[in-house]
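Right, one structure below, let's go through it.
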Amino acid sequence: MARLKLFWTETVVKQRNYVFSYWNERNGSTSYSKKLNRKINQRISLLKVYPEIGKKSSFKDVRIASLGHYCLLYKFDNTRLIIVGF
């Protein structure tokens with residue numbers, strides 16, 4: 001399968017930014033947020049090539065990719081990978 005084009009919903013961007021803000025404030029540093037962001041980007045790179053590796057969820061056409069304590073919820077079709085939840 002060809003690499004898929006990535007899209008983020010507004011909701012997931014807000015969720016991700018909220019989590020980053022929480023950890024930045026709690027730890028007094030951005031190091032954990034940067035580490036988490038690298039994990040997110042690595043997982044997305046893998047999903048763009050192999051979108052079916054995520055576990056099916058109870059939501060129609062939504063899959064789940066684990067990131068340890070967090071998960072990415074996503075959909076995909078022939079050309080797009082859409083991140084819908086974090």
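Return the only residue of Glu10, Glu25 being acidic (Asp, Glu), modelled with pLDDT of 95 or more and within 14 Å of the chain's Cα centre (by Cα). Full working, then the answer.
Values: Glu25 fails: within 14 Å of the chain's Cα centre (by Cα).
Exactly one residue qualifies, and that residue is Glu10.
Would you say Arg16 is in contact (Cβ under 8 Å) with a residue 40 or more places away in the chain, of a type in the set (D, E, K, R) and in a helix (DSSP H, G or I)? Break it down into steps so the answer makes sense when it comes.
On the way: in contact (Cβ under 8 Å) with a residue 40 or more places away in the chain: yes; of a type in the set (D, E, K, R): yes; in a helix (DSSP H, G or I): yes.
Yes: the conditions hold for Arg16.
A quick yes/no check of all residues on (1) part of a loop (DSSP other than H, G, I, E, B); (2) small (Gly, Ala, Ser); (3) over 21 Å from Lys75 (Cβ atoms):
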| site | (1), (2), (3) |
| --- | --- |
| Asn24 | no, no, yes |
| Ser29 | yes, yes, yes |
| Lys35 | no, no, yes |
| Ile44 | no, no, no |
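Condition first: touching a residue at least 40 places away in the same chain (Cβ under 8 Å), closer than 26 Å to Arg3 by Cβ and either aliphatic (A, V, I, L, M) or in a loop (DSSP other than H, G, I, E, B) (or both). Can you find one or more residues in the range 49-66 that meet it?
In the first step, residues of the range 49-66 are kept if they are touching a residue at least 40 places away in the same chain (Cβ under 8 Å); the result is 49-51.
The next check asks that each one be closer than 26 Å to Arg3 by Cβ; those that pass are 49-51.
Going one step further and asking which of them are either aliphatic (A, V, I, L, M) or in a loop (DSSP other than H, G, I, E, B) (or both), we end up with 49-50.
So far as the range 49-66 goes, yes, one or more of its residues are touching a residue at least 40 places away in the same chain (Cβ under 8 Å), closer than 26 Å to Arg3 by Cβ and either aliphatic (A, V, I, L, M) or in a loop (DSSP other than H, G, I, E, B) (or both).
In the range 27-72, what residues are among the basic types (Lys, Arg) and in contact with a strand residue (DSSP E or B) (Cβ under 7 Å, 6 or more places away or on another chain)? If you could, list the steps in order and put the result at the bottom.
Start the filter on the range 27-72 by keeping residues that are among the basic types (Lys, Arg), which leaves 34-35, 38-39, 43, 48, 55-56, 60, 63.
Selection gives Arg43, Lys48, Lys55, Lys56, Arg63.
The values are calculated or read from the model by the stated rules, or taken from the named source; none is laboratory data. In this text, all values refer to a predicted model and were calculated from it rather than measured experimentally. Positions of Cβ are generated from backbone atoms using ideal geometry, with glycine treated the same way; all protein chains shown enter the neighbour counts.
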